[in-house]
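Below is one structure, written out as structure tokens; the observations come after it.
Only the coordinates and a few stated rules stand behind these numbers; no lab work does. All values derive from a computational prediction rather than experimental measurement. Neighbour counts run over all protein chains shown; Cβ positions are idealised from the backbone, glycine included.
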């Protein structure tokens, strides 16, 4: 049974998560590619951006409310797409989506989710966003878009930074698969996670639901694994945006931008929002932390396109820093997955409560009452700290 009092901080949720989820899925979440330099620096880089403490300012009646693409949100945060979310907790995507919608935040379902688009849509009350990978098999990609339309998904998040798969060494060592392979080592570990095992035994959602039964020539788990690895498309280029735009007339969000020139191109392509992201340090190891790229990208395109960011956010203080550097909003991944693994929907809700409380408190200690008032004047080393 999940007890929120055991986890006053996101790090505490991570500790509970580690105890309750099989090792291969904990490691899948809590690591990066190759040397993990970018994975580590995504979080530590936030610490270089000092907030400016202000006192004797009336900060009563603070509000974390904001908007994303014109829609009201309880705080400037969306739940980002996470592959294999249904392996972190049985029916995990449904639990996370319900928590987000009740909280007043957008939820993004991954192409590589365990629960399918249709399964999640049937289990929740409101539209959600869908994250798309462009596959080599364009017919499959078109069908995915049409399925998202049929499920009334309200925005499409196109991920651009996974043409090639950055190797995550722990996944190789653990023999990561969805569902886990029946080996002595895996079964021994799962035996120490009885709540997880019971939940998985009670659900039918154990494979990649958006692919299984929809991809050609996929009849068993071996076919599914091979098909998935073959389908990520190294020929993906900016013309793919035109391909998507012909089929999707709703809001289009481009994810995986971590370079000023790419941000300019994405903006010219008519993206409704771009997400400054390096895939949580899971793709190009050695690239810049997203918080360090955020300011230059905002300066380049922020007046034309909404700029959001992800990768490395673990606290409401991190959210404040991102907003101060010009982000219109943020996306979180691991911070809510810790809650999901620790306690399902209740755990995700608790993670969101932690982040909102930290954000509100940080705003007050910086002398701000409204999200719209946050800016670079809230940073000590921004070069404009003396302007207010």
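For the peptides 114-125, 241-252, the ranking by mean Cβ contacts within 10 Å, running from highest to lowest, is 114-125, 241-252. With neighbour counts taken as other beta-carbon atoms within 10 Å, the residues 305, 43 rank, fewest first, as 43, 305.
Look at 196, 238, 308 and count the other Cβ atoms within 10 Å of each Cβ; fewest to most, that gives 238, 196, 308.
If each DSSP helix of 4+ residues adds -39,500 (n - 2.57) and the sum is divided by the residues in the chain, what number results at 222 nm, nearest 500 deg cm²/dmol?
Helix-only estimate at 222 nm: -12500 deg cm²/dmol.
Inter-label distance, residue 19 to residue 214: 3.7 nm, where each label sits 7 Å from its Cα along the C-beta direction. Rg and Dmax, both from the Cα atoms of the range 1-106 and both in Å, are 17.4, 50. When all alpha carbon pairs of the range 235-388 are counted in 10 Å bins from zero, the resulting P(r) reads 11, 34, 35, 18, 3 %. Taking the fewest neighbouring Cβ atoms within 10 Å as the starting point, the ordered list for 348, 40, 73 is 40, 73, 348. Between residue 136 and residue 202, the modelled labels are 4.1 nm apart [label points 7 Å from Cα along Cα→Cβ]. Starting from the Cα of residue 357, move 7 Å in the Cα-to-Cβ direction to define the label point; list residues of the range 1-30 whose amide nitrogen is under 14 Å from there. Backbone N within reach: 3-13. Bridges between two residues of the chain, per DSSP, are antiparallel at a rate of about 15%. Shown here are the Rg and Dmax of the Cα trace of the range 111-225, at 16.1, 43 Å. Overall shape of the chain was characterised from the C-alpha gyration tensor. The equivalent ellipsoid obtained from it has semi-axes of 32, 25, 19 Å, in decreasing order.
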